[in-house]
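Here is the structure we will look at, set down as structure tokens.
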Amino acid sequence: MALEWVDCDFCGGSWTTPLFMLRDLKLGLPGEFRLVRCERCGLLYMNPRPTWNILQEHYPANYGSFQFNFSQRAWYGIIRRCKIVSTYQRSGRLLDVGCSIGTFLKKMGEFGSWELYGVEPVFIAAQFARTRFNLNIFQGTLSESCFPSEFFDVVTWWDALEHVPDPSTCLNETVRVLKPGGWLFVQTPDPNSWEARLFGSYWVGYDAPRHLFMFPRIVLLRKLEEIGFKVVQVGSFAGNASTVCKSIGHWLRSRHQEMLGNLLLRLADSSITQIAAAPFYVLLRYLDLTSSVLYIAQKLYQ
Ligand SMILES: [Zn+2]
């Protein structure tokens, strides 16, 4: 596998501490990937990492985010995203970066008067969003998309910033395309969450090798403020029993408890598990203790 060595994307530093060797738990594809922490700024990143071309093999057509699911439960998380965005802005131009098959954009059309745009590097996902939902999708990266400056009222990154090879460049590009006063929404796994600490290399939030970066809250907060945002809200947003079940399942499998591990992996996404654990996760969200964090920030007027 072609691997590349990189310096820290946020600060340029090269002094790191190794944290874990990670495997592709989700798809079971071969390879072992090293997660390190930058000792200068605290950013977590994969180093060495697969080159961008090789990485595309880890996004096959059966990758979970590319599956269209009509179930009410599948739409629940998407509707929560729409509601939180419409709390801050109800009209204008909205860009969803890493929009996958376009379900958020499709639903957002029902939450106000929007001109909707998506950016998605994976062809099959971008094509699905175009043909199924008739959405305006740029297939490629945000840097390649070349939108005009100060064009958007809202830019969203739902579980996407950790996937890109150059988050610093992407965030700078996000500032450029947002209007002054425009809103940024970033949802990303929290590497300081109790789940991450408890499960270590078996925490599914690391999702190697697709997640090239992990952002401790203080690191992303500092970055957003540095590039011209005022962060107005940070806290647990999503979270359900699925990540805990899957993390335990993968841990059990590593302990040669294949049957029990596989059972938990199957139960992880079942309605029964989700419904049974829902009250607990409502409480965890309230206590800011889930493993998925949302940053809401406004581009400063200046
Ligand atoms: Zn750094």
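Which residues, counting only those in the range 8-45, are over 15 Å from residue 205 (Cα atoms), of a type in the set (A, V, I, L, M, F, W, C) and in contact with a helix residue (DSSP H, G or I) (Cβ under 7 Å, 6 or more places away or on another chain)?
Scanning the range 8-45 gives 10, 29, 41, 43.
Determine which single condition residue 78 fails, assuming it passes every other condition in (1) under 28 Å from residue 147 (Cα atoms); (2) within 16 Å of the ligand (Cβ to nearest atom); (3) among the aliphatic types (A, V, I, L, M).
For residue 78, the exception is condition (2).
Suppose the filter is part of a strand (DSSP E or B) and over 30 Å from residue 12 (Cβ atoms); does residue 181 pass it? Walk me through it before giving the result.
Details: part of a strand (DSSP E or B): yes; over 30 Å from residue 12 (Cβ atoms): yes.
In short, yes.
Residues that are in contact (Cβ under 8 Å) with a residue 12 or more places away in the chain and closer than 23 Å to residue 33 by Cα: does the range 221-241 have at least one?
No, every residue in the range 221-241 fails to be in contact (Cβ under 8 Å) with a residue 12 or more places away in the chain and closer than 23 Å to residue 33 by Cα.
I'd like to verify a number: residues in the range 1-11 that are assigned to a loop (DSSP other than H, G, I, E, B) and more than 16 Å from the ligand (Cβ to nearest atom), how many?
Here is the first cut: in the range 1-11, the residues assigned to a loop (DSSP other than H, G, I, E, B) are 1-2, 5-11.
Next, from what is left, pick out any that are more than 16 Å from the ligand (Cβ to nearest atom): 1-2.
So the count comes out to 2.
Looking at the range 286-293, can you tell me whether even one residue there is within 23 Å of the chain's Cα centre (by Cα) and among the β-branched types (Val, Ile, Thr)?
Yes.
Look through the range 114-168, keep the residues that are in contact (Cβ under 8 Å) with a residue 60 or more places away in the chain and farther than 30 Å from residue 62 by Cβ, and return whichever of them is surrounded by the fewest Cβ atoms within 10 Å (Cβ to Cβ).
Per the stated criteria, the residue is 168.
So, in the range 184-206, exactly how many residues are outside any helix (DSSP H, G or I) and of a type in the set (A, V, I, L, M)?
Filtering the range 184-206 for residues outside any helix (DSSP H, G or I) gives 184-193, 203.
Adding the requirement that they be of a type in the set (A, V, I, L, M) leaves 184, 186.
Counting residues in the range 184-206 that are outside any helix (DSSP H, G or I) and of a type in the set (A, V, I, L, M) gives 2.
Could we say that residue 23 is of a type in the set (Lys, Arg), crowded, with 16+ Cβ neighbours inside 10 Å and at pLDDT 90 or above here? Can you show your working first?
On the way: of a type in the set (Lys, Arg): yes; crowded, with 16+ Cβ neighbours inside 10 Å: yes; at pLDDT 90 or above: yes.
Here the answer is yes, as residue 23 does meet what is asked.
Go through the range 269-280 and count every residue that is out of contact with any helix residue (DSSP H, G or I) (no Cβ under 7 Å at 6 or more places or on another chain) and not in a loop (DSSP other than H, G, I, E, B). Outline the logic, then answer.
Let us first name the residues in the range 269-280 that are out of contact with any helix residue (DSSP H, G or I) (no Cβ under 7 Å at 6 or more places or on another chain), namely 270, 272, 275-276, 278-280.
Next, only the ones that are not in a loop (DSSP other than H, G, I, E, B) stay: 272, 275-276, 278-280.
Looking only at that region, the number is 6.
List the number of the failed condition for residue 110; all other conditions in (1) among the acidic types (Asp, Glu); (2) more than 18 Å from the chain's Cα centre (by Cα); (3) within 16 Å of the ligand (Cβ to nearest atom) hold.
(3)
Somewhere in the range 12-21, is a residue more than 16 Å from the ligand (Cβ to nearest atom), over 28 Å from residue 224 (Cβ atoms) and part of a loop (DSSP other than H, G, I, E, B)? Steps first, answer last, please.
To start, the set of residues in the range 12-21 that are more than 16 Å from the ligand (Cβ to nearest atom) comprises 20-21.
When the remaining residues are screened for being over 28 Å from residue 224 (Cβ atoms), the result is 21.
Adding the requirement that they be part of a loop (DSSP other than H, G, I, E, B) leaves none.
Within the range 12-21, not a single residue is more than 16 Å from the ligand (Cβ to nearest atom), over 28 Å from residue 224 (Cβ atoms) and part of a loop (DSSP other than H, G, I, E, B).
If I filter the range 30-42 down to residues being closer than 21 Å to residue 55 by Cα, surrounded by 14 or more Cβ atoms within 10 Å (Cβ to Cβ) and of a type outside the set (Lys, Arg), which single residue comes out as farthest from the ligand (Cβ to nearest atom)?
Ranking the candidates gives 31 first.
Report yes if residue 249 is among the small types (Gly, Ala, Ser), modelled with pLDDT of 85 or more and out of contact with any strand residue (DSSP E or B) (no Cβ under 9 Å at 6 or more places or on another chain), otherwise no.
Values: among the small types (Gly, Ala, Ser): yes; modelled with pLDDT of 85 or more: yes; out of contact with any strand residue (DSSP E or B) (no Cβ under 9 Å at 6 or more places or on another chain): yes.
Judged against the criteria, residue 249 is a match.
Quick one: residue 154 ticks every box in (1) more than 18 Å from the chain's Cα centre (by Cα); (2) in a strand (DSSP E or B) bar one, so which box is it?
Unmet for residue 154, out of (1) more than 18 Å from the chain's Cα centre (by Cα); (2) in a strand (DSSP E or B): (1).
The values are calculated or read from the model by the stated rules, or taken from the named source; none is laboratory data. This is a predicted model, so every value here is computed, not measured. Note that each Cβ is placed from the backbone with ideal geometry, even for glycine, and that neighbours are counted across all protein chains shown.
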